[in-house]
Amino acid sequence: MIVDFIREHADHRESDGLRWGVEPICAVLCEHGVEIAPSTYYEWRDKLPTHRQQRDDVLLTEIRRVHTANYGVYGARKVWLQLNREGIPVARCTVERLMAADGLAGAVRGKVKRTTIADPAAARPADLVRRRFTPAAPNRLWVADITYVSTWSGWVYVAFVIDAYARRVLGWRTGTTMSTQLVLDALEQAVWTRQRDGRGEFADLVHHSDRGSQYTSIKLSERLAEAGIAASVGGVGSSYDNALAETINGLYKTELIKPRGPWRNNDDVEYATAEWADWYNYRRLYEYCGDMPPAELEALCWRTSPKLCDPVAVEHLTTSQATYSA
């Protein structure tokens with residue numbers, strides 16, 4: 001405590017510019033019964049951490065917590081954003097410095113395996129999206145795709161349904177075969193998720209996928225028609241036609257599957273996917289969403305732009321504008 005006192009006041013300057021200094025402070029302290037020599041101060045000063053070192057220790061604890069709580073995939077930018085969201089003010093350069101010194105780094109994306117097997121005899125809906133993956137509101141465009149996971153008991157396939165507005169995962173399903181039922185179950189969960197939240201109006205919604213045989217099946221087409229959802233598929237051999245879904249698949253593999261493997265079986269993948277999807281939707285900071293979680297951006301749209309987010313209201317507004325223009 002005495003060393004901290006001297007260190008805090010040693011560089012203090014009076015109005016005439018005179019510096020107090022270590023030796024005068026030690027002399028005054030000795031006069032008041034606090035025996036300490038300048039040499040003792042310098043010896044202990046070099047042993048005790050500075051205020052910056054003490055703050056670095058506190059910050060590093062918080063950085064490790066945020067990094068670990070977010071699957072260890074956050075780089076310095078997202079750790080910095082999360083700390084400030086939690087009310088812990090810190091500069092980005094400080095986070096970069098401490099993470100580098102501690103060996104912490106964000107996840108790095110890898111290559112993607114092709115899982116699309118088209119059925120040349122199946123009827124195919126038109127491509128209604130044409131690589132436009134930026135709808136103005138939720139429930140305008142859903143994208144769907146299947147990815148794969150290698151386990152000790154064989155391949156496990158994971159089907160996703162994502163709302164393109166905020167890149168939110170609405171439905172998912174795991175299975176040991178790439179069946180039509182797999183993608184149907186993911187679709188059913190997406191429909192249920194919207195209905196549960198009171199957003200079950202699909203009058204202006206397009207469901208887009210690649211030309212895999214599961215997505216061109218009669219069962220899926222009938223279910224989409226029953227729900228009032230328009231079907232759309234991309235071209236053959238062009239990853240860009242379903243690029244958004246493949247991007248989410250890539251995040252899923254990079255953030256969950258690769259770092260936490262090897263996987264034993266379908267049950268392990270299913271349980272871990274449920275946890276990841278919840279984190280991804282409600283806590284993962286997404287740069288596309290303005291560095292907020294997808295569900296948070298959707299809620300902001302529903303709250304601040306109800307007309308834009310309501311297909312019926314948008315259709316009425318568009319009709320009124322057309323009538324007025326005529």
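Any read-out appearing in this document is the output of simple, stated calculations on the displayed coordinates, not a laboratory observation. Predicted model only: the values in this text are computed from it and were never measured. Methodologically, a virtual Cβ is constructed for each residue, glycine included, from the backbone with ideal geometry; neighbour enumeration extends over all protein chains shown.
Values computed for the structure shown
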{"read-out": "Fully extended contour minus Cα-Cα distance, from residue 305 to residue 132, at 0.36 nm per residue", "value": "60.2 nm"}
{"read-out": "Amide H within-cut-off set for residue 151, under 5 Å, with H built and near neighbours excluded", "value": "156"}
{"read-out": "Of 49, 36, 70, farthest towards positive along the dipole that unit charges on Lys, Arg, Asp, Glu beta carbons give the stretch 25-90", "value": "70"}
{"read-out": "Simple spin-label estimate for residue 58 and residue 219 in nanometres, 7 Å along Cα-Cβ", "value": "5.8"}
{"read-out": "Using a Förster distance of 22 Å, the FRET efficiency for residue 31-residue 8 (Cβ separation, nearest 0.05)", "value": "0.70"}
{"read-out": "Inter-label distance, nm, simple model (7 Å from Cα along the C-beta direction), residue 282/residue 260", "value": "1.5"}
